[in-house]
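Bear in mind that the values in this text are calculations on the coordinates, not laboratory data. Keep in mind that what you see is a predicted model, and the values were worked out from it rather than measured. Ideal geometry is used to build each Cβ from the backbone, glycine not excepted, and the neighbour counts take in all protein chains shown.
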Amino acid sequence: MIMELFNLNKKKADFIKIKVEKLVDWNESNGDGCVVSDKITKEGFKVGYMYREKPEEGRPDSGWRFLAGNEDEEYMNDSNNHHIFAVNTICNYDKDIIPYIKAKIGSVYIRVDGNSFGIDDGSKPIFLDRQIDNLRLKEFVCILDLEYLCVSTRNRR
């Protein structure tokens with residue numbers, strides 16, 4: 001499954017472009033690959049739900065799986081909605097995950113507020129959030145839409 005997703009990743013070019021800096025040293029023997037929802041890398045959500053399972057043997061797999069937290073079953077069942085990235089790359093998409101990436105296999109976390117996570121015990125909802133640059137872009141587009149609406153309304157009189 002990991003290599004299938006990796007090959008699909010090569011074909012996709014519509015990921016949110018970010019500057020990738022070296023934020024973490026990943027030196028675990030099995031590799032630094034992680035499965036990531038397109039909600040994060042294409043739609044601009046921050047990581048809302050993350051868990052670490054036993055890595056696939058013989059694959060560059062860290063065991064980490066990163067989701068926004070609002071993916072439904074249909075979305076999750078479509079492998080085109082998930083891609084393989086290096087752990088460091090996803091840390092660049094969402095720096096809030098950095099303190100947790102060395103957690104042991106079996107760890108499960110949810111975002112509990114704008115910039116922190118808690119252990120998922122099923123008692124709290126996932127706090128959904130978007131990457132700030134995308135929020136600014138969306139706000140700018142809304143402002144432009146409002147200005148256009150005001151200009152259009154004035155021109156009708």
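Taking the criterion of being within 17 Å of GLU71 (Cβ to Cβ) and in contact (Cβ under 8 Å) with a residue 60 or more places away in the chain, the residues of the range 88-116 that qualify are TYR93, TYR109, ILE110, ARG111. When LEU128 is evaluated against the numbered criteria (1) touching a residue at least 40 places away in the same chain (Cβ under 8 Å); (2) within 21 Å of ILE16 (Cβ to Cβ); (3) not in a loop (DSSP other than H, G, I, E, B), which criterion, by number, is the only one it fails? For LEU128, the exception is condition (3). Taken as a whole, the structure places ILE105 among residues that are more than 11 Å from the chain's Cα centre (by Cα) and of a type outside the set (Ser, Thr, Tyr).
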